[in-house]
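Here is the structure we will look at.
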Amino acid sequence: MHCAEAKRPLIKFDHCKMSIYSFGVPQRCPLCQQDVGSARLEEAPISISSPLTNGHRETCSFLLRPTQGTFLREYDGQADLHVGITSTTGVVYHYTALGVQRDRAGWEQSLSVPLVQPGLFALMDQWDKYLEDFSAAGAWLPHRYEEDHHNCYSYALTFVNCVLSIEGKAQLDKSEFTEKYVLPRTRLASKYITLHRAVEEHGFYAIDWPHPETSRP
Ligand SMILES: [Zn+2]
């Protein structure tokens, strides 16, 4: 299950002058086998929050997910990403060769970028109507789809630009959109996924403290 997979809490604690990542706090340090239960407060484990969220719980957002498979299992940092826009009720609108799709499932492991600033209630009130009207435009008929030039990104970017113009903000071109909405999230996801897979494979993952002499007060 994607949900269960994404929800295993990844934590970090310090022992043996290392930062150790694992799923939950083990009783014994995997490096020295000593009890870690008596750690001092400043060594208390911290949880590493996942950048992956259930897209069907994100309202008025831009979503990214791998075209094939899931982030945690299959994503290699290079693979194609598919994108969509959520309604206020967690329906994900996205454009494919079959036209605009409205998904109620399948985006449980997504990266999400909120598109509406908090407090813009007038925009949120109209959101589902905007999204539905926008999706009904002839530009998004199935036969207009082109894999490289008129695809899920064109659909999402054009919609984001409609929202920006309603908010009185400047439009984004494709590279600004990628720079602002896509790359920061995929970089974060790649780091988290690497860590998650290492812990999954070895049970833990340990790295040296960045500055051993000065890292602890
Ligand atoms: Zn240890």
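The values are calculated or read from the model by the stated rules, or taken from the named source; none is laboratory data. Keep in mind it's a predicted model, so treat the numbers as computed, not measured. Quick reminder, even Gly has a Cβ in these numbers, built from the backbone with ideal geometry, and neighbours come from all protein chains shown.
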(message) Step by step: first the residues of the range 96-123, then only those that are over 28 Å from LYS169 (Cα atoms) and in contact (Cβ under 8 Å) with a residue 60 or more places away in the chain, then the one that is surrounded by the most Cβ atoms within 10 Å (Cβ to Cβ). Which residue is that?
(response) GLN109
(message) Would you confirm, using the coordinates I've provided, whether SER175 is in a helix (DSSP H, G or I), without any contact (Cβ under 8 Å) to a residue 40 or more places away in the chain and surrounded by fewer than 18 Cβ atoms within 10 Å (Cβ to Cβ)?
(response) yes
(message) If the requirement is being closer than 30 Å to LEU195 by Cα and basic (Lys, Arg), which of these qualifies: ARG102, ARG73?
(response) ARG73
(message) I'm checking my understanding of the structure. Among residues of the range 8-35 that are basic (Lys, Arg) and not in a loop (DSSP other than H, G, I, E, B), which one is farthest from the ligand (Cβ to nearest atom)?
(response) LYS12
(request) Take GLY69 and decide whether it is surrounded by fewer than 17 Cβ atoms within 10 Å (Cβ to Cβ), away from the ligand (no atom under 16 Å from the Cβ) and small (Gly, Ala, Ser). (result) yes
(message) Going by what's in this entry, would ILE85 be described as more than 16 Å from the ligand (Cβ to nearest atom), touching a helix residue (DSSP H, G or I) at 6+ places or on another chain (Cβ under 9 Å) and either among the acidic types (Asp, Glu) or modelled with pLDDT of 95 or more (or both)?
(response) yes
(request) Could you identify the single residue in LYS191, LYS129, LYS169 that is closer than 23 Å to VAL92 by Cα and not polar (S, T, N, Q)? (result) LYS129
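Every residue in the range 145-166 that is among the hydrophobic types (A, V, I, L, M, F, W, C), farther than 11 Å from TYR95 by Cα and in contact (Cβ under 8 Å) with a residue 12 or more places away in the chain, please.
Correct list: LEU157, PHE159, VAL160, CYS162, VAL163, ILE166.
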(request) Among the candidates THR158, THR186, single out the residue that is β-branched (Val, Ile, Thr), in a helix (DSSP H, G or I) and out of contact with any helix residue (DSSP H, G or I) (no Cβ under 9 Å at 6 or more places or on another chain). (result) THR186
(request) Could you please let me know if GLU58 is among the acidic types (Asp, Glu) and surrounded by 14 or more Cβ atoms within 10 Å (Cβ to Cβ)? (result) yes
